[in-house]
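Written out below as structure tokens is the structure these notes cover.
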Amino acid sequence: MQKGSDLLVKALENEGVDRIFGVPGEENLDFLESLRNSKIELVLTRHEQAAAFMAATHGRLTGRPGVCLATLGPGALNFSTGAAYAHLGAWPMILITGQKAVMSAKQARFQIVDIVASMKPLTKMTRQIVSPASIPAMVRDAFRVAMEERPGPVHLELPEDIAGEEVEDVPVIPIHALERPIAAPAALDRAEAAILAAKRPLVMIGAAGSRPWLTEALSAFVARTRLPFFNTQMGKGAVTGGSNLYMGTAALSEGDYVHEAVARADLIIAIGHDTIEKPPFLMKSSGGPKVIHISFQSATVEQVYHPDIEVLGDIGASVEALAERLEGRLPADEGMTELRQKILARLNDRADEDRFPITPQRIVHDVRQAVPDDGIVCLDNGMYKIWFARNYRTHVANTLLLDNALATMGAGLPSAMMAAMLYPQRRVLAVCGDGGFMMNSQELETAVRLGLNLVVVILNDSAYGMIRWKQAVDGFEDFGMRFGNPDFVKYAEAYGAKGSRVSAVEELVPMIEAAFAGGGVHVLDVPIDYSENTRVLVDELRNRTPDVGCA
């Protein structure tokens, strides 16, 4: 005989789970005891939201669901933002929450919230476990659903009486490989014909192109076809290595320099585009380039995205088949090559400017200089995200993690902690605004307790900078966006981390280098000058002269 909680832990072990992130409560105590006697590590966080962000990032980086744990009611509700983060981002994750006993009501309705109902719009599947014997099947199904395209979060609720109920041993269910459908030959024929007929084809790689297992296939596709490409924010880094075919990243929806390449193209091959992202370009009803949609699933038709041809199936198999058909048959586009140089030159403008407080361009430049090619930079959400998306060059897949779907604040530090746990031999750096950092800054204690090596750069402007900028651009008065900050150096030290403050532009790279060399958790307080937001992203782009006529 064994308890329901024992069965749950065995089923998780069967799925290869080695860590669970979370904050347990009274209703999780049987599960906690079963976990204590297992090989699975409990990573205790200081807030459930951070645990969910870490589990989602585990799914994002490995393709296997991360698992997080919370109690009922308030604990479970703190998972909501993390569940939405994974749901919109398409990252596999399992959320486990506790609940009062379902066969009795000794505490009446105390702390009881219908979490299954609240999780329904935030997950791919949400279910309450009502029988210990059903646990192995439910866990196997949960992991399968979480990992199937489109990946995402799955929620399981374990009531405390089901967790503590004794039951005969129930075997776990063997894992089998997930097989993805292959695109129909007729669809590949149509795509091949359209690409060969196009005069100026351009590839766009979107969020679904960033699945960990697609890097080799997408990199080979670009190398074999020699097609110029750009990417969405969440498709950034899907193709490895430097390439003279990379045109840039669509950090804005229109009007940026990379959109000169979009305007010049007569065909866009959109690989893995997910319309959950802020649009990387705006399709026209007529007169614009034709679009081929290559993805695991059919396109979500939107006013700004309505493809002409769809190739549905495993992306890796689809691009491999197209590369076989197209290799050696596409002429080089000298016009795109010339345009590429002009686009990238504009993005590098003022990257080494020495004014202080430091400009966003210089921060991106210096972080790139201090972080090796395989180092991982994890962004929170703020104005700097646009600058990193536009200006930061990636050479290894999944080395710039940003969120252009839910675009929530507070995820930067927990996602960097997860990356540091998965890849302890690589340099990991979090870039957070002062607003986003303070939303989960308590996790510094978790990072120190876990012995992580992690550098946290806090861009300090004492305001919610992105909204304040938007407020000014839209002609509103400067109101309601400013706040005070703690002394971030002392704040870091209070948690047992190290802290430094940058007081001159030339100090940033040496301080990052010293922080990595010293090991442990190190916080850098970096004052930032956001006046460049208006100069570049409004005035310069509004007054630029597009160069789209290169032949």
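Values in this text are rule-based calculations from the coordinates and carry no lab data. Everything numeric in this text was worked out from a predicted model, so none of it was measured. Don't worry about glycine lacking a Cβ; one is built from the backbone with ideal geometry, like all the others, and counts go over all protein chains shown.
For the stretch 77-155, a Kirkwood radius taken over Cα pairs fed into Stokes-Einstein (10 °C, viscosity 1.306 mPa s) yields D = 119 µm²/s. A viscosity of 1.002 mPa s and a temperature of 20 °C, combined with the Kirkwood radius over Cα pairs in Stokes-Einstein, give a translational diffusion coefficient for the stretch 185-345 of 140 µm²/s. Rounded to the nearest 10 degrees, the inclination of helix 412-422 to the longest alpha-carbon principal axis of the chain is 80 degrees. Seen against the Cα atoms of the chain and their longest principal axis, helix 360-370 is set at about 70 degrees.
The shape of the chain comes out oblate: with a ≥ b ≥ c from the C-alpha gyration tensor, a/c is at least 1.5 while a/b does not beat b/c. As a ratio to 2.2 N^0.38 Å, the alpha-carbon radius of gyration for the stretch 142-186 is 1.80. Note on the stretch 350-537: dipole from Cβ charges, positive end direction compared against VAL371, TYR384, GLN361; the farthest Cα belongs to VAL371. In the stretch 2-167, taking the dipole from charged Cβ atoms about the Cα centre, the farthest positive-side position among LEU158, LEU44, ASN28 is held by LEU44.
Each of LEU508, VAL473, LEU406 was placed along the dipole of the stretch 350-537 (beta-carbon charges, centred on the mean Cα), and the one lying farthest toward the positive end is LEU406.
Label separation (SER286 vs GLU216): 4.7 nm, computed from points 7 Å beyond Cα along the C-beta direction. Taking every C-alpha pair closer than 8 Å and separated by at least 6 residues, the mean separation divided by the residue count of the stretch 352-430 gives a relative contact order of 37 percent. Taking all C-alpha pairs of the stretch 350-398, those more than 11 Å from each other amount to 68 percent.
In this label model, ARG449 and THR275 are separated by 4.4 nm, measuring between points 7 Å along each Cα→Cβ vector.
A DSSP coil position with no more than 15 other Cβ atoms inside 10 Å describes the following trypsin sites (Lys or Arg not before Pro) in the stretch 289-330: ARG329. Charge dipole (Cα centre; +1 on Lys/Arg Cβ, -1 on Asp/Glu Cβ; no other charges) of the stretch 350-537 amounts to roughly 300 debye. Spin-label model, ASN543 to ARG180: label points 7 Å out along the Cα-to-beta-carbon direction sit 4.6 nm apart. With a sphere of radius 12 Å drawn around the Cβ of ILE458, what net charge do the other residues whose Cβ falls strictly inside it have (Lys, Arg +1; Asp, Glu -1)? Summing Lys/Arg as +1 and Asp/Glu as -1 gives -4. Using only Cα coordinates, the Kirkwood hydrodynamic radius of the stretch 88-202 works out to 17.5 Å.
Across the stretch 167-195, the residues whose backbone nitrogen lies under 12 Å from the label position 7 Å along the beta-carbon direction of GLN2 are 167-173. Shape summary of the stretch 393-551, radius of gyration then Dmax from alpha carbon positions: 17.8, 60 Å.
When shorter helices are ignored and each DSSP H run of at least 4 residues is given -39500 (n - 2.57), the per-residue value for the chain at 222 nm works out to -10500 deg cm²/dmol.
Among PHE516, PHE21, the ranking by other beta carbons within 10 Å of each residue's beta carbon, starting with the fewest, stands as PHE516, PHE21. About the centre of its Cα atoms, the stretch 2-167 shows a dipole size close to 440 debye [charges on the beta carbon of Lys, Arg (+1) and Asp, Glu (-1) only; nearest 20 debye]. A Förster distance of 41 Å, applied to the separation of the beta-carbon atoms of GLU13 and ASP373, puts the FRET efficiency at 0.70. Determine the relative contact order of the chain: mean sequence separation of Cα pairs under 8 Å and six or more apart, normalised by residue count, in whole percent. That works out to 13 percent. In the stretch 313-465, the inverse of the mean reciprocal separation of distinct Cα atoms equals 17.6 Å; this is its Kirkwood hydrodynamic radius. Note on the stretch 452-534: the C-alpha convex hull projects to 6.3 nm² when averaged across all orientations. The shape of the stretch 2-167 can be summarised by an equivalent ellipsoid whose semi-axes, obtained from the alpha carbon gyration tensor, come to 22, 17, 15 Å from longest to shortest.
Across the stretch 2-167, C-alpha contacts under 8 Å between residues 6 or more apart give a mean separation that, scaled by the residue count, equals a relative contact order of 29 percent. In degrees, nearest 10, range 0 to 90: what is the angle between the Cα axis of helix 80-89 and the longest Cα principal axis of the chain? So the helix axis and the longest Cα principal axis differ by about 40 degrees. Summing charges over all other residues whose Cβ lies under 12 Å from the Cβ of ASP352, with Lys and Arg as +1 and Asp and Glu as -1, gives -1.
Dipole size of the chain about its Cα centre, with +1 on Lys/Arg Cβ and -1 on Asp/Glu Cβ: approximately 700 debye, rounded to the nearest 20.
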